[in-house]
There are 6 protein chains.
Amino acid sequence: MPRLIDYVEAGPEVRAVFDEIKAARGVADVNNFWKALAVDPATLRRTWESLRQVMAPGALDPLVKEMLYLAASMAAGCAYCSASHAAAARAKGMTDVQYGELLAIIGMAAETNRLAEALRVPVDAAFD
Amino acid sequence: MPRLIDYVEAGPEVRAVFDEIKAARGVADVNNFWKALAVDPATLRRTWESLRQVMAPGALDPLVKEMLYLAASMAAGCAYCSASHAAAARAKGMTDVQYGELLAIIGMAAETNRLAEALRVPVDAAFD
Amino acid sequence: MPRLIDYVEAGPEVRAVFDEIKAARGVADVNNFWKALAVDPATLRRTWESLRQVMAPGALDPLVKEMLYLAASMAAGCAYCSASHAAAARAKGMTDVQYGELLAIIGMAAETNRLAEALRVPVDAAFD
Amino acid sequence: MPRLIDYVEAGPEVRAVFDEIKAARGVADVNNFWKALAVDPATLRRTWESLRQVMAPGALDPLVKEMLYLAASMAAGCAYCSASHAAAARAKGMTDVQYGELLAIIGMAAETNRLAEALRVPVDAAFD
Amino acid sequence: MPRLIDYVEAGPEVRAVFDEIKAARGVADVNNFWKALAVDPATLRRTWESLRQVMAPGALDPLVKEMLYLAASMAAGCAYCSASHAAAARAKGMTDVQYGELLAIIGMAAETNRLAEALRVPVDAAFD
Amino acid sequence: MPRLIDYVEAGPEVRAVFDEIKAARGVADVNNFWKALAVDPATLRRTWESLRQVMAPGALDPLVKEMLYLAASMAAGCAYCSASHAAAARAKGMTDVQYGELLAIIGMAAETNRLAEALRVPVDAAFD
């Protein structure tokens, strides 16, 4: 079992980040990802601040942003991230049918990505 | 240079798929991906039909579907697919600002995906 | 352009490996892979000897071995290796139809691999 | 624990696919992969039909096809798929010695794939 | 050819980051990576600041940090990053022999990583 | 549970390698990786000998070598290898602060690797 740092055993730098996450998300405790990242307080701080900036309201809808994060995580084969961002997307309103369509895209993208690379397809001039 | 099969040298099975792609997309010629895939007419046919089914109108907006495909392709490190689906997303209305936000998500997801796996973070019970 | 070491500029350790490769394969010159690997003579030597051992005649047919190497290279997204092992498989008798079937498997495996990981499917007890 | 849909709780579309899989393979129940994929009946249906088409008898021996699928799955780092296709290959006659040779190829391919990419080896003109 | 934004065509936010990079590194122009990232000024700014923080003097020697970045980039199969961080490591004193040893480690890690995953090796209790 | 071969059930070829590993490392038993690899004695023997050669004293410090192996394993997303090489690096003196800096580099490299590939950044002429 990898090391997870709980609030009670955390130092002040880690607690400060945990407090910000809990406040921003309205949750009683942070996810395991943050407890694991707390082994390096500087990385914990930087990652949280970057994530908050990247996922802040912008030109894309919050649910779309979350689904893009989920798609990237699934394509990268990260089981933890696929589970956590699927949960986050559901919390933001993703329906079962939307999830099914996203899954179908992940599968097709994996297939065509691999074939395009295996065949060394040259980029069409029209794409740029 | 890998082998690309142009319409003029293609057999009837390949031409039939090329014709469907050109009609469905309203383009004069198919992209290099399809010309490369034409080395195996059965895979060309199946891939095109699967793609059409997966990308058909559904619960998700067509632009969102295209951006999810782009996100998965970028996360998988497929240069050709990143270029082709970025072009397709632009054609469906993706703005420069939206593209920038997507890029930021791809970068952050890569970072947190890798850290979650490196630290072997156990999936939170609340995710399921 | 990355550094490639040709026979004429190579030292005796590198030349010895190049000579073995040329003799074993009956070719006039080694592929670019070996010229690039020659930047580290010890890695060149160890890699060549390991490869020769792994690809030696055994319980699997030489063409099957070459196609397995090609499948692994395509699945790993290595463009150079996909090109070199496709050429080697053709030289060992792979037909266009067999290549098409291999391509189809690569595509399907990419799709089901990704979905199995995205869905965190637990391994069936019957598999072990 | 991710969601798995058993036959008894499945709707008619899912049951129809499960019945086809059980009949085609002569098994009493489907593997967890299919139970997980059942969250999206359309993807379940399309994936099963594509897989059946790709793995149908052809120019390559059925065991060779299964070993190619296994090689691609191992190279892609999919633990579930490595376990399921190893079991399938054994059921089709793969011996321990053949499995050992396949493993050796997977390892060597991973090493040479990575080095070829790290060194950005240009594709030899002779490969095309 | 992907879009690269040169200093002369860049807006003030991008120019400010380019100026910081040039000053910090004592170079006349920034690398293509930064010119490509400039399509999204916010991502350019955040990435540069994060990189500067991560690569700042610390408990690890600067050359070791650069070699770790190179190792991660090679293992991830990023050709551009492998080239840029190899150049950076050389500039910080990496010798040809050290580079050869790093390459050998990359190759071996790729092989054992893939085998450990293919065989689903359970983590030893002693590791935690 | 995958198959692990313990010393008591191993044949003479496997026992010989296990004995060498135990002697070289001064441990009472080998890690699960070697017990899993023992399904193919030839691969076990070759992998151990290659690893010993690659990790032998050289121009790079033993701890640096171990950290490079760890970085490559983390970047490749191998959970087992990340755990085993983190334990090995700790045994060779890696401190918590050094580990934190390594983690930060892994995260940043993942982010910039992915962005460089997604944007298809051309290699700067100055890198070669």
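Things worth noting here:
- Residue, nearest to the chain's Cα centre (by Cα), within the stretch A:1-60, restricted to residues that are part of a helix (DSSP H, G or I) and among the basic types (Lys, Arg): A:Arg52
- C:Leu63 vs. criteria in contact with a Gly (Cβ under 6 Å, 6 or more places away or on another chain) and either more than 30 Å from E:Ala86 (Cα to Cα) or touching a residue at least 12 places away in the same chain (Cβ under 8 Å) (or both): yes
- For the stretch A:12-41, a residue qualifies if it is under 16 Å from B:Phe127 (Cα atoms), surrounded by 15 or more Cβ atoms within 10 Å (Cβ to Cβ) and without any contact (Cβ under 8 Å) to a residue 24 or more places away in the chain, and the qualifying residues are A:Val30, A:Trp34.
- Of all residues making up the stretch F:1-38, the number that are under 18 Å from F:Leu51 (Cα atoms) and of a type in the set (A, V, I, L, M): 11
- If you go through the stretch B:50-60 and keep only what is at the interface with chain A (Cβ under 7 Å from one of its Cβ atoms), closer than 23 Å to B:Glu20 by Cα and either aliphatic (A, V, I, L, M) or touching a strand residue (DSSP E or B) at 6+ places or on another chain (Cβ under 8 Å) (or both), you end up with B:Leu51, B:Val54.
- Residue list for the stretch E:78-98, restricted to those being more than 28 Å from B:Cys78 (Cβ to Cβ) and in contact with a Leu (Cβ under 9 Å, 6 or more places away or on another chain): E:Lys92, E:Gly93, E:Met94, E:Val97, E:Gln98
- Residue count for the stretch C:113-128, restricted to those that are surrounded by fewer than 22 Cβ atoms within 10 Å (Cβ to Cβ) and not basic (Lys, Arg): 7.
Rundown of residues vs (1) modelled with pLDDT under 95; (2) under 21 Å from C:Ala89 (Cα atoms); (3) in the same structural domain as C:Ala91 (by TED's automatic domain parsing), yes/no style:
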position: C:Arg3; (1), (2), (3): yes, no, no
position: C:Glu9; (1), (2), (3): no, no, no
position: C:Glu13; (1), (2), (3): no, no, no
position: C:Ala16; (1), (2), (3): no, no, no
position: C:Ala24; (1), (2), (3): no, yes, no
position: C:Phe33; (1), (2), (3): no, yes, no
position: C:Leu37; (1), (2), (3): no, no, no
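- Screening the candidates F:Gly77, F:Gly107, F:Gly100, F:Gly58 for the property of being touching a helix residue (DSSP H, G or I) at 6+ places or on another chain (Cβ under 7 Å) and on the phi > 0 side of the Ramachandran plot yields one hit, F:Gly77.
- B:Leu63 being surrounded by 16 or more Cβ atoms within 10 Å (Cβ to Cβ), modelled with pLDDT of 95 or more, more than 14 Å from chain C (Cβ to nearest Cβ) and outside any loop (DSSP other than H, G, I, E, B): yes
- Members of the stretch B:66-112 that are away from chain E (no Cβ under 14 Å) and surrounded by fewer than 19 Cβ atoms within 10 Å (Cβ to Cβ): B:Ala91, B:Lys92, B:Gly93
- Subset of the stretch F:96-128 [within 18 Å of the chain's Cα centre (by Cα) and of a type in the set (Val, Ile, Thr)]: F:Ile105, F:Ile106
- Flag if C:Pro122 is of a type outside the set (Ser, Thr, Tyr) and more than 7 Å from every other protein chain (Cβ to nearest Cβ): no
- Residues that are over 21 Å from D:Ile106 (Cα atoms) and at pLDDT 95 or above were ranked within the stretch F:42-60; the one that is surrounded by the fewest Cβ atoms within 10 Å (Cβ to Cβ) is F:Ala56.
- Among the residues making up the stretch A:74-118, those that are farther than 16 Å from B:Met108 by Cα and among the polar types (S, T, N, Q) are A:Thr95, A:Gln98, A:Thr112, A:Asn113.
The values are calculated or read from the model by the stated rules, or taken from the named source; none is laboratory data. Bear in mind the structure is a predicted one, so any value in this text is a computation, not a measurement. In this analysis, Cβ positions are derived from the backbone assuming ideal geometry, glycine residues included, and neighbour counts consider all displayed protein chains.
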